[in-house]
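Everything on this sheet refers to the single structure shown next.
The values are calculated or read from the model by the stated rules, or taken from the named source; none is laboratory data. Remember, it's a predicted structure, so these values are computed and weren't measured experimentally. Using ideal geometry, Cβ is built from the backbone for each residue, glycine included, and neighbour counts are taken over all protein chains shown.
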Amino acid sequence: MKKILFSTAVFTASMFLAATGFSQTKTPGVTKRQEHQQERIANGVKDGELTAKETKHLEAREEKIQADKKEAKADGKVTKKEREKLQKEENRTSRAIYHQKHDAQKRH
């Protein structure tokens, strides 16, 4: 189970990296944070700090950010308001990752 969760987290992280590598990124700050947060999730899985349910929830949050970023870029310009929204989502997700990694729940 541990290998499956770790593999899933690594695969998801690599998909984010691949998706951002082939497009012209106008949101480098958000992209960098996504990469960093994917690493934090993968490390949490590897170290047993995240349960399967927690990992699934955090990955869903990251996928939402990716979808919102794609939507913001759809018209060819990411506005200040769209950037602020993405930053706010990243901040919330960062806090959620920290909270889930440091709560009393451990994977069995």
message: Residue under question is Lys64, and the condition is that it be assigned to a helix (DSSP H, G or I), closer than 17 Å to Thr27 by Cα and modelled with pLDDT of 95 or more; does it hold?
response: yes
message: Of the residues Gln66, Gln105, only one is of a type in the set (S, T, N, Q) and surrounded by fewer than 15 Cβ atoms within 10 Å (Cβ to Cβ); which?
response: Gln105
- prompt: When you go through Thr51, Thr55 one by one, which is the residue that is in contact with a Gly (Cβ under 9 Å, 6 or more places away or on another chain) and not aliphatic (A, V, I, L, M)?
  reply: Thr55
task: With the condition kept exactly as written, say whether any residue in region 79-90 is touching a Leu at 6+ places or on another chain (Cβ under 7 Å) and free of Cβ contacts under 8 Å to residues at least 60 places away in the same chain.
output: no
- prompt: Inside region 12-41, can you point out the residues that are at pLDDT 85 or above and over 18 Å from Asp103 (Cβ atoms)?
  reply: Thr27, Pro28, Gly29, Val30, Thr31, Lys32, Arg33, Gln34, Glu35, His36, Gln38, Glu39
task: Please work out if Lys77 is loosely packed, with under 12 Cβ neighbours inside 10 Å, among the basic types (Lys, Arg) and part of a helix (DSSP H, G or I).
output: no
